[in-house]
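Since the structure comes first, as structure tokens, the remarks are kept for the end.
The values are calculated or read from the model by the stated rules, or taken from the named source; none is laboratory data. Predicted model, so just to flag it, every value in this text is computed and none were measured. Every residue, glycine as well, gets a Cβ built from its backbone with ideal geometry; the counts of neighbours run over all protein chains shown.
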């Protein structure tokens, strides 16, 4: 199984990673940013394919925490070779996201809020950007982590996997 925990900035991905590694040591967990250089959409799509390849090489349960939309995961050339994909969008309210971003790096932008909104709609509507919902398996779910502690967030995520 290829587990993808996605979310816009400040959704808790980096905070969750060590908790997931401890709770689910059977899954090989990685942070997308291990390879990311900030090159934009094209680099994100190329790296998505590399991560899918690493999951296939591993051959066992593999988890990736990233900002990748479900459609990009499904469109990765090697994705059809995966035995299963489970995509969970980690989300939270805009005010909490802004507060977290301000605490983390002092900067919260409208672009980040727009990206979070785009991810939210893309996760809910398979046809958001041209996908035909009648021919598409959409293995995604959105999980609102607003107000939860890191441990509470980890529990909520694990319950969905």
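Does region 139-146 contain any residue that is part of a loop (DSSP other than H, G, I, E, B), touching a strand residue (DSSP E or B) at 6+ places or on another chain (Cβ under 8 Å), within 29 Å of residue 56 (Cα to Cα) and at pLDDT 90 or above?
Scanning region 139-146 turns up no residue that is part of a loop (DSSP other than H, G, I, E, B), touching a strand residue (DSSP E or B) at 6+ places or on another chain (Cβ under 8 Å), within 29 Å of residue 56 (Cα to Cα) and at pLDDT 90 or above.
If a residue has to be buried (at least 18 other Cβ atoms within 10 Å of the Cβ), modelled with pLDDT under 95 and in a helix (DSSP H, G or I) to count, how many in region 45-78 make the cut?
Final tally of qualifying residues: 5.
Restricted to region 79-114, and to residues that are within 18 Å of the chain's Cα centre (by Cα) and part of a loop (DSSP other than H, G, I, E, B), which residue is surrounded by the most Cβ atoms within 10 Å (Cβ to Cβ)?
92
Go through region 19-44 and count every residue that is in a helix (DSSP H, G or I) and over 20 Å from residue 154 (Cα atoms).
Going through region 19-44, the residues in a helix (DSSP H, G or I) turn out to be 19-23, 32-34, 41-44.
Then drop every residue that is not over 20 Å from residue 154 (Cα atoms), which leaves 34, 41-44.
Here the count works out to 5.
Does residue 37 satisfy the criteria of being surrounded by 18 or more Cβ atoms within 10 Å (Cβ to Cβ) and over 22 Å from residue 148 (Cβ atoms)?
Values: surrounded by 18 or more Cβ atoms within 10 Å (Cβ to Cβ): no; over 22 Å from residue 148 (Cβ atoms): yes.
No, not satisfied.
Scan region 1-18 residue by residue and report those that are touching a strand residue (DSSP E or B) at 6+ places or on another chain (Cβ under 8 Å), in a helix (DSSP H, G or I) and more than 14 Å from residue 68 (Cα to Cα).
The answer is 14, 16, 17.
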